[in-house]
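Engineer: Pasting in a structure now, in structure tokens, and then I'll have a few things to ask.
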């Protein structure tokens, strides 16, 4: 099996496209291969947790990160379509405060590698969407933070036709200038 890896506008955030083998019966793809991931994406990564989320159109989740136990995430969509966003919140990075957005869908089979040091979120653009994502560290609610999705300093161009549906923690997200970030 072979994957194609393409950096986004944030070089550490990568789009991974697996080889998809399809015929009249359906398709087959290898969703993760540790050896190939280490060779083509990032060596030394170990995933410890798998998460599954389902949301409806207009739901925006994020922009989430943990100030301790930073998580890398390998994200894919198995139903529907989302616009997935990462923001570099490593103060020492030349890309600090910049964002990248990628459409992930069940049809395009793309995955997104979001390394530790980035805030991550998505908005559902189809009627429903289900995401599966692996993380490099466990969830620690006491360290979870939300960067405000609508921070004008970030200028994220979300594909929204109105106000998104948000969790209370995302409504209360902080703007980058006031947020806890990584050095």
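Engineer: Residues that are over 12 Å from the mean Cα position of the chain (by Cα) and either surrounded by 22 or more Cβ atoms within 10 Å (Cβ to Cβ) or closer than 17 Å to residue 145 by Cβ (or both): does region 92-102 have at least one?
Structural biologist: Checked against the condition, which is being over 12 Å from the mean Cα position of the chain (by Cα) and either surrounded by 22 or more Cβ atoms within 10 Å (Cβ to Cβ) or closer than 17 Å to residue 145 by Cβ (or both), region 92-102 yields at least one hit.
Engineer: If you don't mind, another one. Checking residue 50 against (1) touching a strand residue (DSSP E or B) at 6+ places or on another chain (Cβ under 6 Å); (2) loosely packed, with under 13 Cβ neighbours inside 10 Å; (3) more than 18 Å from residue 109 (Cβ to Cβ): exactly one of these is not met. Which one?
Structural biologist: Unmet for residue 50, out of (1) touching a strand residue (DSSP E or B) at 6+ places or on another chain (Cβ under 6 Å); (2) loosely packed, with under 13 Cβ neighbours inside 10 Å; (3) more than 18 Å from residue 109 (Cβ to Cβ): (3).
Engineer: It is to be established whether one or more residues within region 31-44 are part of a strand (DSSP E or B) and either more than 18 Å from the chain's Cα centre (by Cα) or exposed (fewer than 14 other Cβ atoms within 10 Å of the Cβ) (or both).
Structural biologist: no
Engineer: Whether any residue in region 7-26 is part of a helix (DSSP H, G or I), surrounded by fewer than 15 Cβ atoms within 10 Å (Cβ to Cβ) and more than 19 Å from the chain's Cα centre (by Cα) is what I want to check.
Structural biologist: So far as region 7-26 goes, no, none of its residues is part of a helix (DSSP H, G or I), surrounded by fewer than 15 Cβ atoms within 10 Å (Cβ to Cβ) and more than 19 Å from the chain's Cα centre (by Cα).
Engineer: Return yes when residue 117 is farther than 22 Å from residue 28 by Cβ and buried (at least 18 other Cβ atoms within 10 Å of the Cβ) and no when it is not.
Structural biologist: yes
A short reminder: the numbers here are calculations on the coordinates, not readings from a lab. Computed from a predicted structure; not experimentally measured. A quick note on method: Cβ atoms are made from the backbone with ideal geometry, for glycine too, and the neighbour counts reach across all protein chains shown.
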